[in-house]
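Working notes, structure below.
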Amino acid sequence: MRDFKKYFKLEASPADLYNALTNPMMIEIWTGETAVMSTEPGSEFSLWDGEIVGRNIEFVQDQKIVQSWFFGEESDSVVTIKLHPDKQGTNVEVHQTNIPDEAYDNIAEGWESDYIGSLKELFD
């Protein structure tokens, strides 16, 4: 099992990014796919029409999102997204733990191109 941690710079406020990450209608705009999302801890979510599924653990308005992503029966991966305000927008800290070795490269690339890349397109 491996961990992924990286910082990304986006030209949007923490409030706008938080909304884009938690509002299902906004998620569908930047992913182009069906999304199920709630800010209720314990609720289940689904992104990219079921490609990413899991359970919501914790929300701090405009600051932090913690989720458990499901990788089948073998393990869950905890994803923490922290939003740090910056003069030109927001520094996004992504930390994902317990990634199966065979999925690591795909997950790391997904954060870069699909997840953060799509958010950058939305706000830039």
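The values are calculated or read from the model by the stated rules, or taken from the named source; none is laboratory data. This is a predicted model, so every value here is computed, not measured. Virtual Cβ from ideal backbone geometry, glycine too; neighbours counted across all protein chains shown.
Details
- Leading residue by the ranking (surrounded by the fewest Cβ atoms within 10 Å (Cβ to Cβ)) among those in region 34-82 that are touching a residue at least 40 places away in the same chain (Cβ under 8 Å) and more than 11 Å from the chain's Cα centre (by Cα): Q61
- Residues satisfying the stated conditions in region 1-18, i.e. in a helix (DSSP H, G or I) and either surrounded by fewer than 16 Cβ atoms within 10 Å (Cβ to Cβ) or in contact with a Pro (Cβ under 8 Å, 6 or more places away or on another chain) (or both): P14, A15
- Top-ranked residue of region 36-63 - restricted to ones that are touching a strand residue (DSSP E or B) at 6+ places or on another chain (Cβ under 9 Å) and among the polar types (S, T, N, Q), ranked as farthest from P24 (Cα to Cα): Q63
- Applying the criterion of being in a helix (DSSP H, G or I) and touching a residue at least 40 places away in the same chain (Cβ under 8 Å) to the residues of region 113-124, the residue that is nearest to the chain's Cα centre (by Cα) is I116.
- Against the numbered list (1) surrounded by fewer than 15 Cβ atoms within 10 Å (Cβ to Cβ); (2) farther than 16 Å from R2 by Cα; (3) touching a strand residue (DSSP E or B) at 6+ places or on another chain (Cβ under 9 Å), D101 comes up short only at (2).
- Taking the criterion of being modelled with pLDDT of 95 or more, under 18 Å from G42 (Cα atoms) and of a type in the set (S, T, N, Q), the only residue of region 69-93 that qualifies is T80.
- The strands (runs of 3 or more DSSP E) found wholly in region 33-105 and carrying at least 2 residues that are of a type outside the set (F, W, Y), under 18 Å from L17 (Cβ atoms) and in contact with a helix residue (DSSP H, G or I) (Cβ under 7 Å, 6 or more places away or on another chain) occupy 76-86, 89-99.
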